[in-house]
Amino acid sequence: WDKQINGSWVRQPIISIPGNTTSYVHIPGAGTHRYSLRSAYSINGYAYKSALTPWQTVVIQVEYFPPLAPTNFVVTLQMDQMTVGFTWQDNSTNETVFHLVPQKLVGTTWTTLNYIRIPANSTSYSYKPGNGDWRFALRSAYSVNGYAYKSALTPWVQVHVPLSPPSA
């Protein structure tokens with residue numbers, strides 16, 4: 001692909017797409033870009049390439065940026081000793097979701113589980129992860145044209161969930 005800079009086409013790094021792929025999404029940023037495609041393979045160190053397809057020009061008017069990350073992320077074990085409560089400050093005006101990222105300590109390794117989707121504009125959430133040592137981080141996110149933009153994760157906060165709730 002090429003990018004137009006000061007009226008001239010400037011070659012950009014080649015994008016290698018796996019074989020038998022019929023679609024690909026590239027987010028190059030704002031500007032005027034052109035793309036051409038060809039198939040290629042190599043045998044015994046020799047590269048064989050097809051002819052290039054005609055150039056297709058794309059003009060991108062807007063550049064997208066990740067949403068602002070949440071701050072003041074607080075994790076607390078609730079009174080029932082089974083529920084973990086989360087609070088944070090929402091600093092973004094364009095997120096469409098928050099991702100709560102749980103990790104459980106298994107032996108000596110932190111194992112990341114699937115993130116939990118929390119609705120936009122939320123500032124609290126409750127979750128029952130099960131017993132054990134856990135740590136959590138949070139980020140804000142949104143997607144445009146099938147591409148996800150994610151903020152940085154908050155610092156990890158660790159909590160221990162007891163084996164069973166305390167007796168009364």
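The values are calculated or read from the model by the stated rules, or taken from the named source; none is laboratory data. These numbers come from a predicted model, not from an experiment. Please note: Cβ atoms are built from the backbone with ideal geometry, for glycine as well, and neighbour counts cover all protein chains shown. All accessible areas refer to the heavy atoms of the entire protein, side chains included, with ligands and DNA or RNA removed. Shrake-Rupley method; radii C 1.70, N 1.55, O 1.52, S 1.80 Å.
Using a Gaussian network model of the chain in which every pair of alpha carbons under 10 angstrom is joined by a spring, one finds that among THR53, THR21, THR93 the greatest mean-square fluctuation is at THR21. Per-residue 3J(HN,Hα) values for segment 132-138, derived from phi via the Karplus relation 6.51 cos²θ - 1.76 cosθ + 1.60 with θ = phi - 60°, read x, 8, 10, 9, 9, 9, 9 Hz in sequence order (x marks Gly and Pro).
If you count Lys pairs in the chain whose Cα atoms are under 29 Å apart, skipping same-chain pairs closer than 8 places in sequence, the total is 5. For segment 1-19, backbone nitrogen atoms closer than 18 Å to the point 7 Å from SER50 Cα along Cα-to-C-beta are found at 1, 15-19. A simple charge model with +1 on the Cβ of Lys and Arg, -1 on the Cβ of Asp and Glu and nothing else charged puts the dipole of the chain at about 520 debye relative to its Cα centre.
Here the label points at TYR35 and SER23, each 7 Å from Cα along the C-beta direction, are separated by 1.2 nm in the simple model.
Modelled spin labels at SER124 and LEU163, positioned 7 Å past Cα toward Cβ, are 3.2 nm from each other. Applying the criteria of a DSSP loop state and at most 15 other Cβ atoms within 10 Å to the chymotrypsin sites (Phe, Trp or Tyr not before Pro) of segment 1-61 yields TYR24, TRP55. With every protein chain left in place, what is the accessible area per residue of the chain in square angstrom, probe 1.4 Å? I get 66 Å² per residue for this part.
Other residues lying with their Cβ under 13 Å from the Cβ of ALA141 contribute a combined charge of +1, Lys and Arg counting +1, Asp and Glu -1.
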